[in-house]
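Colleague: Before I ask anything, let me first share the structure, which is written out below as structure tokens.
The values are calculated or read from the model by the stated rules, or taken from the named source; none is laboratory data. Just so you know, these numbers come straight off a predicted model, no measurement behind them. Here the Cβ is made from the backbone with ideal geometry for all residues, glycine too, and neighbour counts use every protein chain on show.
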Amino acid sequence: MKLTAQIKLRPTPEQYAALKTTLERANAACNAISDYAWANQVFNQFKLHAALYTDLRAQFGLGSQLAVRCLSKVADAYKLDKGAKRHFKEHGSIAFDSRILRYFTDQQLVTIWTLGGRESIPYLGGDRQREMLKYQKGESDLLLHRGAFYLLATCEVPEEPLEAVDGFLGVDRGVMNVATDSEGNLYTGARVEQRRKRYAKQRQGLQKHNTKKSRRKVKEVGHKQARFQKDVNHCIAKELVKRAKRTKQGIALEDLTGITLRTRVRRDTRAQRGNWSFDQLGQFIEYKAALYGVAYVEVDPHYTSQRCAACEHTGKANRRSQSEFLCCVCGYRAHADVNGAINISVAACQPANRLNERLPVPDQGDVSMGQALGFSRGVR
């Protein structure tokens, strides 16, 4: 699995200046390449290389491999859309490969090519980053962010083999509760909503000034909110996947593709709904499940919130409120999100309800797939 390890470089003032000059020169070269590509309508990397490589090195003083990387950056930028000219920021990121960048993980050191020569620069990284860098492969992006240099390293981290499971841990995603599992664990969204309101009020006050500084601050507040919610989703996803692995279960989610388009919300809850990061949470759960060898299934979401987990009676009247579920037929009462999570868990055991799945395959001559997934024993 491809993951990105982010590490912070600790250059000396001289090394910092060399890195900054290298970024500026490389992006100036990218703009020159883009000018030629747009004027001549030539977007193929090999044709650009043949036409510009020698001049690039002479005009901008780039090393051979960095010149190739600049040509590649421009060609990639035009791949999706050739209808508009591309412009590259002065301090935009530049990709470095193994010819011009090398990691020494035992010393927490990198050697990197700059216009002033190759530099040895120490870096900072946590235990997780150091472990991931053992599997570093391919390119790394040099990034200047808020006055600090970072390397975003592509790592081919091995996945654990999928294990046979005894059932599925159903996960219901919502706004009031970010996630609820079929074992009754609720991950409330109160903290996220509190932060959203605080940041919204802060942005509203800043927007009244309408100055360059206030507009810049509005963006900073938005980024701060996004980072907070991303961290919350990471923590919830990791805990759910670890619980599923510990209890030898797979993990099951609803397929909520297009839900924001096919449902309507009241005006007073529009901002809260627009802030719902259910898709990001689902992506985090899916990749963490693959990383830790946990079976993953997406199921049909229809009526999971209206169906009784005890008698399977389905009706709108069963959902008394956002949090209360009371079956009109058998009288079963539960938290509405827990009832929905149980229905998701049950649906995951029925192949007809699955829309996307990644399941373990037993050895030939071993147990059947149904036995491997615990269908004969039911779902807890």
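Colleague: Output the residues belonging to the range 282-336 that are surrounded by fewer than 21 Cβ atoms within 10 Å (Cβ to Cβ) and of a type in the set (Asp, Glu).
Modeller: Across the range 282-336, the qualifying residues are Glu286, Asp300, Glu312, Glu324.
Colleague: Would you pick out the residues in the range 121-140 that are more than 30 Å from Tyr36 (Cβ to Cβ) and exposed (fewer than 13 other Cβ atoms within 10 Å of the Cβ)?
Modeller: Leu124, Gly126, Asp127, Arg128, Lys134, Lys137
Colleague: Let me ask you something else. Assuming Met132 fulfils every condition listed in (1) in contact with a strand residue (DSSP E or B) (Cβ under 7 Å, 6 or more places away or on another chain); (2) in a strand (DSSP E or B) apart from one, which condition is it?
Modeller: Met132 satisfies every listed condition except (2).
Colleague: Additional query: Given (1) of a type in the set (Val, Ile, Thr); (2) loosely packed, with under 15 Cβ neighbours inside 10 Å; (3) part of a helix (DSSP H, G or I), identify the lone condition not met by Val218.
Modeller: Of (1) of a type in the set (Val, Ile, Thr); (2) loosely packed, with under 15 Cβ neighbours inside 10 Å; (3) part of a helix (DSSP H, G or I), only one is false for Val218: (2).
Colleague: Might you check whether a residue that is modelled with pLDDT of 90 or more, farther than 27 Å from Tyr296 by Cα and surrounded by fewer than 21 Cβ atoms within 10 Å (Cβ to Cβ) occurs anywhere in the range 183-192?
Modeller: Within the range 183-192, none of the residues are modelled with pLDDT of 90 or more, farther than 27 Å from Tyr296 by Cα and surrounded by fewer than 21 Cβ atoms within 10 Å (Cβ to Cβ).
Colleague: Is one or more of the residues making up the range 364-372 farther than 24 Å from Leu240 by Cα, in contact with a strand residue (DSSP E or B) (Cβ under 8 Å, 6 or more places away or on another chain) and either modelled with pLDDT under 60 or of a type in the set (Lys, Arg) (or both)?
Modeller: no
Colleague: Now, a different point. For Leu101, all conditions in the list (1) aliphatic (A, V, I, L, M); (2) more than 19 Å from Gly63 (Cα to Cα); (3) touching a Ser or Thr at 6+ places or on another chain (Cβ under 9 Å) hold save one; what is the number of the exception?
Modeller: Here Leu101 clears every test but (2).
Colleague: Taking the stated definitions as given, is Ala28 out of contact with any Gly (no Cβ under 6 Å at 6 or more places or on another chain), outside the structural domain of Leu291 (by TED's automatic domain parsing), under 30 Å from Leu133 (Cβ atoms) and modelled with pLDDT of 95 or more?
Modeller: Against the criterion (out of contact with any Gly (no Cβ under 6 Å at 6 or more places or on another chain), outside the structural domain of Leu291 (by TED's automatic domain parsing), under 30 Å from Leu133 (Cβ atoms) and modelled with pLDDT of 95 or more), Ala28 does not qualify.
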